Structure formats: C-alpha cells, structure tokens
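Below is one structure, written out as structure tokens; the observations come after it.
The values are calculated or read from the model by the stated rules, or taken from the named source; none is laboratory data. In this text, all values refer to a predicted model and were calculated from it rather than measured experimentally. Quick reminder, even Gly has a Cβ in these numbers, built from the backbone with ideal geometry, and neighbours come from all protein chains shown.
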C-alpha cells in the first residue's frame, strides 16, 4: 500500500451553512464543494445529507455532514473534551498570536498558547462543539529524531504499565541536549 496523503476527514455538523461560514470567516478556509444526496451511496439507506468540503491547505480537505433525520448530535460522554480534536499547523508564533486575536475578536474563548516543547498551540471550539487546535512547530534540531528513536520502547512500556514512560522526560524538564541522539 502506498498512501499518498489523507484524502479528507469528515465530521458531523449541526448546520452545514453555519459550519461553512465559520470555517471561511474564522479559519480562512475556501469552501470547495458540496454534495447532497437523499440516499447514502455506500449503504443505500434513505437518509438525506449535505456533505461540505473545505480547503485546509496543502491539499488537505476538511469535510462535514449535516444529517437532519438523525438523532441530535452528541459527544462521547466517556471521552474528555480535550482528547478528540483537529489540529492545524501555522508557520510562526507571530501567526499563532494573530490567529488567537482574530478568533477572540469573534467572541470565541481561546486557551493558550500552550507550550508542548515541540510546538506551541491554542485551542478553541467550532460551532458544532469540535475542539480545534492551531499549532506552530518549535522543536529544536534532533528532538523529533530522539522521539522517533524511543517510540517503540515507550509504546511497549505503556502497554505493560499504563503509566507515562520517562524515555522523553526532557519534553517537560528542559534537559534536552541535541547531542543526546
């Protein structure tokens, strides 16, 4: 299998028109296309829907379904709000701070910037309750390579203990040395 990229990711929305307007206005995304059917192509179920597609940059597509004949949209009550989110990358800390100001000017509450050592990010919610993240990479040379190197040991330890392995404690204690890798 030779996967080229993610073709699109799709989420549910409450109102397709409001969702498109939010992503155009707040996120500067272009509205690419809409597909509407009265029957689901894959299942043949008689279930009308509006499927909208937005340009998330660099060939990435974010899509939403409005499905009016289904039960009201909800969230998994057993999953914390911070877990499921869509993260978008920006080029600089300046862009991140400008985005934060723009989003806050819309009356939207924003958390951050939050320091993750490898990147800094802000968090907020779209009108459907989907958590969004805007991030800017800040990793020092060698950090990602070091994490890649210890990833197999970390997942094995996690699988055994369900506790955070300390292979990358430097992410939080500031002890990273570029020559450690």
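Scanning the range 109-127 for residues that are under 25 Å from residue 66 (Cα atoms), touching a helix residue (DSSP H, G or I) at 6+ places or on another chain (Cβ under 9 Å) and crowded, with 19+ Cβ neighbours inside 10 Å gives 124, 126. Just one of the listed residues (21, 34, 56) is in contact with a helix residue (DSSP H, G or I) (Cβ under 9 Å, 6 or more places away or on another chain), outside the structural domain of residue 126 (by TED's automatic domain parsing) and closer than 19 Å to residue 131 by Cα, namely 56. Checked against (1) without any contact (Cβ under 8 Å) to a residue 60 or more places away in the chain; (2) in contact with a strand residue (DSSP E or B) (Cβ under 7 Å, 6 or more places away or on another chain); (3) farther than 29 Å from residue 98 by Cβ; (4) in a loop (DSSP other than H, G, I, E, B), residue 34 passes all but condition (4).
For residue 80, the conditions (1) within 26 Å of residue 51 (Cα to Cα); (2) at pLDDT below 95 all hold with the exception of (1). When the range 53-68 is filtered for residues that are part of a loop (DSSP other than H, G, I, E, B) and surrounded by 10 or more Cβ atoms within 10 Å (Cβ to Cβ), the ones remaining, listed by number, are 56, 57, 59, 60, 67, 68.
Pairs linking a residue in the range 164-181 that is assigned by TED's automatic domain parsing to the domain that holds residue 150 to a residue that is surrounded by 15 or more Cβ atoms within 10 Å (Cβ to Cβ) and modelled with pLDDT under 85, with Cβ atoms under 8 Å and 6 or more positions apart or on different chains, are 170/176. Taking residue 167 as the residue in question, decide whether it is surrounded by 12 or more Cβ atoms within 10 Å (Cβ to Cβ), modelled with pLDDT under 90 and part of a loop (DSSP other than H, G, I, E, B). Answer is yes for this residue.
When every residue of the range 86-102 is checked against the conditions, at least one turns out to be under 30 Å from residue 45 (Cβ atoms) and either part of a helix (DSSP H, G or I) or touching a strand residue (DSSP E or B) at 6+ places or on another chain (Cβ under 9 Å) (or both). A single entry from 45, 21 fulfils the requirement of being without any contact (Cβ under 8 Å) to a residue 40 or more places away in the chain and in a helix (DSSP H, G or I): 21.
Being surrounded by fewer than 15 Cβ atoms within 10 Å (Cβ to Cβ) and modelled with pLDDT of 95 or more is the requirement here; does residue 104 meet it? Answer is yes for this residue.
Each row is one residue, and each column tells you yes or no for (1) touching a strand residue (DSSP E or B) at 6+ places or on another chain (Cβ under 9 Å); (2) assigned to a helix (DSSP H, G or I).
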site	(1), (2)
108	yes, no
117	no, no
155	no, yes
158	no, yes
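All told, residue 81 meets the bar of being surrounded by 10 or more Cβ atoms within 10 Å (Cβ to Cβ) and in a loop (DSSP other than H, G, I, E, B).
Can you give me the number of residues within the range 15-31 that are surrounded by fewer than 16 Cβ atoms within 10 Å (Cβ to Cβ) and in contact with a strand residue (DSSP E or B) (Cβ under 8 Å, 6 or more places away or on another chain)?
Residues that pass the stated criteria total 4.
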